[in-house]
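Asker: Shown below is the structure under consideration.
The values are calculated or read from the model by the stated rules, or taken from the named source; none is laboratory data. As the structure is a computational prediction, the values presented were derived from the model and not from experiment. Note that each Cβ is placed from the backbone with ideal geometry, even for glycine, and that neighbours are counted across all protein chains shown. Ligands, DNA and RNA are stripped out before the accessible areas are found, and what is left, the full protein with its side chains, is counted by its heavy atoms. Shrake-Rupley method; radii C 1.70, N 1.55, O 1.52, S 1.80 Å.
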Amino acid sequence: MAGYRGRWARGTAWAAVLAAALTGCSGGNGNTPTSPASKAASALASAGARATAAISSLAAQATEAISSATAEAGRRLGEVKNGVEAKDDVQLGTPATAADGRTTVGITVKNTADSTKSFAVQVVFKDSGGKLIDTVVVTVSDVAAGKTGTATARSTHNLSGEVKTEVGSALRY
(Lines give C-alpha, C1' and ligand atoms only; values in the text may rest on other atoms or scores of the structure.)
Protein backbone atom coordinates (compact mmCIF):
# COMPACT_ATOMS: atom_id res chain seq x y z
CA MET A 1 0.00 0.00 0.00
CA ALA A 2 2.86 2.36 0.82
CA GLY A 3 4.29 1.87 -2.70
CA TYR A 4 0.94 2.75 -4.23
CA ARG A 5 0.71 5.95 -2.17
CA GLY A 6 4.22 6.96 -3.19
CA ARG A 7 3.52 6.40 -6.87
CA TRP A 8 0.20 8.28 -6.49
CA ALA A 9 1.95 11.20 -4.79
CA ARG A 10 4.68 11.33 -7.46
CA GLY A 11 2.01 11.10 -10.22
CA THR A 12 0.00 13.89 -8.61
CA ALA A 13 3.13 16.05 -8.32
CA TRP A 14 3.97 15.47 -12.00
CA ALA A 15 0.37 16.31 -12.96
CA ALA A 16 0.64 19.56 -10.98
CA VAL A 17 3.94 20.45 -12.71
CA LEU A 18 2.45 19.61 -16.11
CA ALA A 19 -0.68 21.67 -15.38
CA ALA A 20 1.44 24.61 -14.28
CA ALA A 21 3.54 24.37 -17.45
CA LEU A 22 0.48 24.20 -19.68
CA THR A 23 -1.54 26.94 -18.02
CA GLY A 24 1.09 29.59 -17.45
CA CYS A 25 0.29 32.61 -15.32
CA SER A 26 -0.88 36.10 -16.07
CA GLY A 27 -1.37 39.32 -14.21
CA GLY A 28 2.12 39.31 -12.79
CA ASN A 29 1.04 38.01 -9.36
CA GLY A 30 1.34 34.32 -10.17
CA ASN A 31 -2.14 33.61 -8.83
CA THR A 32 -4.19 33.84 -12.02
CA PRO A 33 -3.74 30.82 -14.28
CA THR A 34 -4.30 31.34 -18.00
CA SER A 35 -4.43 28.35 -20.35
CA PRO A 36 -3.13 28.45 -23.91
CA ALA A 37 -6.72 27.87 -25.03
CA SER A 38 -7.84 30.88 -22.98
CA LYS A 39 -5.06 33.00 -24.47
CA ALA A 40 -6.04 31.87 -27.98
CA ALA A 41 -9.70 32.61 -27.31
CA SER A 42 -8.78 36.05 -26.02
CA ALA A 43 -6.62 36.75 -29.08
CA LEU A 44 -9.40 35.54 -31.38
CA ALA A 45 -11.96 37.73 -29.61
CA SER A 46 -9.63 40.71 -29.91
CA ALA A 47 -9.01 40.04 -33.62
CA GLY A 48 -12.74 39.57 -34.17
CA ALA A 49 -13.47 42.88 -32.47
CA ARG A 50 -10.88 44.64 -34.65
CA ALA A 51 -12.31 43.02 -37.80
CA THR A 52 -15.85 44.02 -36.84
CA ALA A 53 -14.72 47.60 -36.22
CA ALA A 54 -12.92 47.68 -39.59
CA ILE A 55 -15.99 46.35 -41.41
CA SER A 56 -18.22 48.86 -39.65
CA SER A 57 -15.83 51.66 -40.59
CA LEU A 58 -15.76 50.58 -44.25
CA ALA A 59 -19.55 50.28 -44.32
CA ALA A 60 -19.89 53.77 -42.85
CA GLN A 61 -17.43 55.15 -45.41
CA ALA A 62 -19.33 53.44 -48.26
CA THR A 63 -22.65 54.80 -47.00
CA GLU A 64 -21.13 58.26 -46.70
CA ALA A 65 -19.69 58.05 -50.22
CA ILE A 66 -23.06 57.03 -51.68
CA SER A 67 -24.86 59.77 -49.76
CA SER A 68 -22.34 62.34 -50.91
CA ALA A 69 -22.52 61.22 -54.55
CA THR A 70 -26.33 61.22 -54.47
CA ALA A 71 -26.42 64.71 -52.97
CA GLU A 72 -23.96 65.99 -55.58
CA ALA A 73 -25.99 64.43 -58.41
CA GLY A 74 -29.16 66.06 -57.07
CA ARG A 75 -27.40 69.42 -56.81
CA ARG A 76 -26.06 69.19 -60.37
CA LEU A 77 -29.45 68.25 -61.82
CA GLY A 78 -31.08 71.02 -59.77
CA GLU A 79 -28.83 73.60 -61.46
CA VAL A 80 -30.30 72.82 -64.88
CA LYS A 81 -32.80 75.51 -65.86
CA ASN A 82 -35.60 74.86 -68.36
CA GLY A 83 -34.53 71.25 -68.83
CA VAL A 84 -36.72 68.75 -70.66
CA GLU A 85 -36.73 65.06 -69.69
CA ALA A 86 -34.66 63.25 -72.32
CA LYS A 87 -34.03 59.83 -70.79
CA ASP A 88 -35.21 58.12 -73.98
CA ASP A 89 -32.50 59.95 -75.95
CA VAL A 90 -29.66 58.45 -73.89
CA GLN A 91 -27.86 55.14 -74.29
CA LEU A 92 -25.18 53.68 -72.03
CA GLY A 93 -22.38 51.38 -73.08
CA THR A 94 -20.98 48.45 -71.12
CA PRO A 95 -19.36 49.29 -67.76
CA ALA A 96 -15.60 48.72 -67.56
CA THR A 97 -12.96 49.10 -64.89
CA ALA A 98 -10.34 51.73 -65.69
CA ALA A 99 -6.65 51.33 -64.79
CA ASP A 100 -7.18 53.39 -61.63
CA GLY A 101 -9.94 51.06 -60.38
CA ARG A 102 -12.86 53.38 -61.15
CA THR A 103 -15.80 52.09 -63.15
CA THR A 104 -16.50 53.90 -66.42
CA VAL A 105 -19.31 53.71 -68.94
CA GLY A 106 -19.78 55.43 -72.28
CA ILE A 107 -22.78 57.71 -72.79
CA THR A 108 -24.35 58.57 -76.14
CA VAL A 109 -27.05 61.24 -76.39
CA LYS A 110 -29.17 62.09 -79.43
CA ASN A 111 -30.39 65.64 -79.78
CA THR A 112 -33.91 65.42 -81.22
CA ALA A 113 -34.48 69.17 -80.81
CA ASP A 114 -34.25 71.66 -83.68
CA SER A 115 -31.36 73.61 -82.11
CA THR A 116 -28.08 72.90 -80.33
CA LYS A 117 -28.66 71.54 -76.81
CA SER A 118 -26.70 70.22 -73.86
CA PHE A 119 -27.56 67.22 -71.70
CA ALA A 120 -27.18 66.49 -68.01
CA VAL A 121 -27.20 62.70 -67.58
CA GLN A 122 -27.37 60.97 -64.21
CA VAL A 123 -25.74 57.54 -64.35
CA VAL A 124 -26.62 55.13 -61.55
CA PHE A 125 -24.15 52.36 -60.66
CA LYS A 126 -25.63 49.24 -59.00
CA ASP A 127 -24.20 45.97 -57.75
CA SER A 128 -25.35 42.59 -59.09
CA GLY A 129 -28.20 42.58 -56.56
CA GLY A 130 -29.53 45.94 -57.75
CA LYS A 131 -28.28 47.92 -54.75
CA LEU A 132 -27.17 51.51 -55.42
CA ILE A 133 -23.39 51.80 -55.02
CA ASP A 134 -22.69 55.14 -56.74
CA THR A 135 -24.15 57.83 -58.97
CA VAL A 136 -22.73 60.67 -61.05
CA VAL A 137 -24.01 63.39 -63.36
CA VAL A 138 -22.21 63.96 -66.65
CA THR A 139 -22.74 66.92 -68.97
CA VAL A 140 -22.68 66.44 -72.72
CA SER A 141 -22.38 69.97 -74.05
CA ASP A 142 -23.42 71.61 -77.31
CA VAL A 143 -24.87 68.74 -79.31
CA ALA A 144 -26.05 70.04 -82.70
CA ALA A 145 -29.67 69.53 -83.75
CA GLY A 146 -30.27 65.99 -85.01
CA LYS A 147 -26.75 64.88 -84.01
CA THR A 148 -25.30 62.70 -81.27
CA GLY A 149 -22.81 63.53 -78.57
CA THR A 150 -20.72 61.30 -76.36
CA ALA A 151 -19.13 61.38 -72.94
CA THR A 152 -17.87 58.98 -70.32
CA ALA A 153 -19.28 58.58 -66.82
CA ARG A 154 -16.78 57.68 -64.14
CA SER A 155 -17.60 56.38 -60.66
CA THR A 156 -16.65 58.57 -57.71
CA HIS A 157 -14.77 55.70 -56.03
CA ASN A 158 -13.55 52.17 -56.79
CA LEU A 159 -16.39 49.70 -57.22
CA SER A 160 -15.91 45.97 -56.88
CA GLY A 161 -17.75 42.96 -58.22
CA GLU A 162 -20.22 43.05 -61.08
CA VAL A 163 -21.39 46.60 -61.75
CA LYS A 164 -24.54 47.47 -63.68
CA THR A 165 -25.42 50.95 -64.92
CA GLU A 166 -28.63 52.72 -65.83
CA VAL A 167 -29.79 56.21 -66.63
CA GLY A 168 -31.29 57.73 -63.51
CA SER A 169 -32.36 60.96 -65.15
CA ALA A 170 -31.49 62.93 -68.27
CA LEU A 171 -32.28 66.56 -68.97
CA ARG A 172 -31.89 68.29 -72.30
CA TYR A 173 -31.46 72.07 -72.05
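Asker: Scan the range 152-167 residue by residue and report those that are open to solvent by 30 Å² or more (accessible area, probe 1.4 Å) and under 21 Å from the mean Cα position of the chain (by Cα).
Answerer: If the condition is that a residue be open to solvent by 30 Å² or more (accessible area, probe 1.4 Å) and under 21 Å from the mean Cα position of the chain (by Cα), then Arg154, Thr156, His157, Asn158, Ser160, Gly161, Glu162, Lys164, Thr165, Glu166 are the ones that fit.
For (1) out of contact with any Leu (no Cβ under 9 Å at 6 or more places or on another chain); (2) of a type in the set (Ser, Thr, Tyr), each residue gets a yes or a no:
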| site | (1), (2) |
| --- | --- |
| Val105 | no, no |
| Ala113 | yes, no |
| Lys126 | no, no |
| Thr135 | yes, yes |
| Val140 | yes, no |
| Ala144 | yes, no |
| Arg172 | yes, no |
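Asker: Residue under question is Ser155, and the condition is that it be in contact with a strand residue (DSSP E or B) (Cβ under 9 Å, 6 or more places away or on another chain), at pLDDT 95 or above, under 14 Å from Pro95 (Cβ atoms) and among the small types (Gly, Ala, Ser); does it hold?
Answerer: Judged against the criteria, Ser155 is a match.
Asker: Within the range 81-103, can you find the residues that are in contact with a Lys or Arg (Cβ under 9 Å, 6 or more places away or on another chain) and crowded, with 17+ Cβ neighbours inside 10 Å?
Answerer: Passing the criteria: Gly83, Ala86, Asp89, Val90, Pro95, Thr103.
Asker: Could you list, in sequence order, all residues of the range 68-123 that are assigned to a helix (DSSP H, G or I) and more than 28 Å from the chain's Cα centre (by Cα)?
Answerer: Across the range 68-123, the qualifying residues are Lys87, Asp88, Asp89.
Asker: Hey, another quick one. Within the range 111-151, how many residues turn out to be surrounded by 12 or more Cβ atoms within 10 Å (Cβ to Cβ), more than 14 Å from Leu92 (Cβ to Cβ) and among the aliphatic types (A, V, I, L, M)?
Answerer: 6
Asker: Report whether or not Glu72 is under 22 Å from Asp142 (Cβ atoms) and either loosely packed, with under 14 Cβ neighbours inside 10 Å or not aromatic (Phe, Trp, Tyr) (or both).
Answerer: no
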